[in-house]
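The values are calculated or read from the model by the stated rules, or taken from the named source; none is laboratory data. Worth saying up front: this structure is predicted, and the values here are computed from it rather than measured. Because the Cβ atoms are built from the backbone with ideal geometry, glycine has one as well, and the counts that use them run over all protein chains shown.
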Amino acid sequence: MSIPFIKTLDFQYGVPAQISPLVRRVIANNPGPFTFFGTGTYIIGHGNVAVIDPGPDDDAHLTALLAATKGETITHIFVTHPHLDHSPLAAKLSAVSGAKTYGKSEKLGHKPIDANTEEGDDDGFRPDIEVNDGEKIACHGFDLEAIFTPGHTGNHVCYALPQENALFSGDHIMGWSTSVIIPPDGDMSDYLDSLDKVAARDFATLYPTHGAPITEPAPFIAAYKQHRVTRENQVIECLRQGTTKIIDMVPILYANVDKRLWPAAARSLHAHLIRLVKIGRAIGGVNLGDNYHLI
Ligand SMILES: [Zn+2]
């Protein structure tokens, strides 16, 4: 079962697109290996609007968001997680609009992330208002429900829009790519649980922060999860064959993948091995260079 990725998107940078009755999207001009075409900032509602994931600290994107909401009032600013392509513009947008920021602060042990393997952290991000799991925030003519989805980061939050049975899925579930899970902040066990949590809600549409909407979430999430289960089984097979180090597993499991992606692949295998230790299938340390053995 391969993941039915959606690799195309019809858009223009900085130009708002109405993509559902309540949802508009403006894409920032920050394309890259972890952002695809760039950050998709969502504007919800009409007249009094909420913004989800303002994006990178980019004046052109701020100007585009203000132009897109000209004559309207931004009442709420939501952030899915504090990565540099999602949260930094929240402060400036809040200062200009007076809207409060909503999200979840760091809660887990956290190390700076290698710039080659992820988008980087916005360590300074602190929302004005900490959201709680399951909390419904009443906006003007619609609600947004915070759904904690740790895994990609320990403080990742998706936001549901009940009026359209839709979910703003941040970097938890993306249509164009799998999500990057890098320990210690990234946690594979949490991630798989968070996939189940979203699947159980049976949303009609997922709006990731990068790329096109996912309009058939159920089969997509099933394939997305199966991909992780398959990889976990491959890691178990490596251990069974006596390969104990991640550095030796990467060339086996990623033989057909561009070597420039191998450092990121190693981090992903690390997340799998930490999970196998956590669930009692393997023994080993918490460091990338440690030896691992099946129990
Ligand atoms: Zn991210």
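Structure above, values below:
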| quantity | calculated |
| --- | --- |
| Test: K70 is modelled with pLDDT under 95 and either part of a loop (DSSP other than H, G, I, E, B) or within 16 Å of the ligand (Cβ to nearest atom) (or both) | no |
| Which listed residue is of a type in the set (A, V, I, L, M, F, W, C) and either within 16 Å of the ligand (Cβ to nearest atom) or in contact with a Lys or Arg (Cβ under 8 Å, 6 or more places away or on another chain) (or both), from I137, I182 | I182 |
| Of the criteria (1) away from the ligand (no atom under 12 Å from the Cβ); (2) within 21 Å of A264 (Cβ to Cβ); (3) buried (at least 22 other Cβ atoms within 10 Å of the Cβ), which one L144 fails | (2) |
| In region 17-57, residue surrounded by the fewest Cβ atoms within 10 Å (Cβ to Cβ) [restricted to those that are within 15 Å of the ligand (Cβ to nearest atom) and in a strand (DSSP E or B)] | G32 |
| Residue check for G14: surrounded by 19 or more Cβ atoms within 10 Å (Cβ to Cβ) and part of a loop (DSSP other than H, G, I, E, B) | no |
| Test set (1) surrounded by fewer than 23 Cβ atoms within 10 Å (Cβ to Cβ); (2) away from the ligand (no atom under 16 Å from the Cβ) - S177 fails condition number | (2) |
| Filter result for I214 (within 16 Å of the ligand (Cβ to nearest atom) and either under 18 Å from F5 (Cβ atoms) or in contact with a strand residue (DSSP E or B) (Cβ under 6 Å, 6 or more places away or on another chain) (or both)) | no |
| Qualifying residue in region 96-108 (condition: within 17 Å of H61 (Cβ to Cβ), in a helix (DSSP H, G or I) and modelled with pLDDT of 85 or more) | yes |
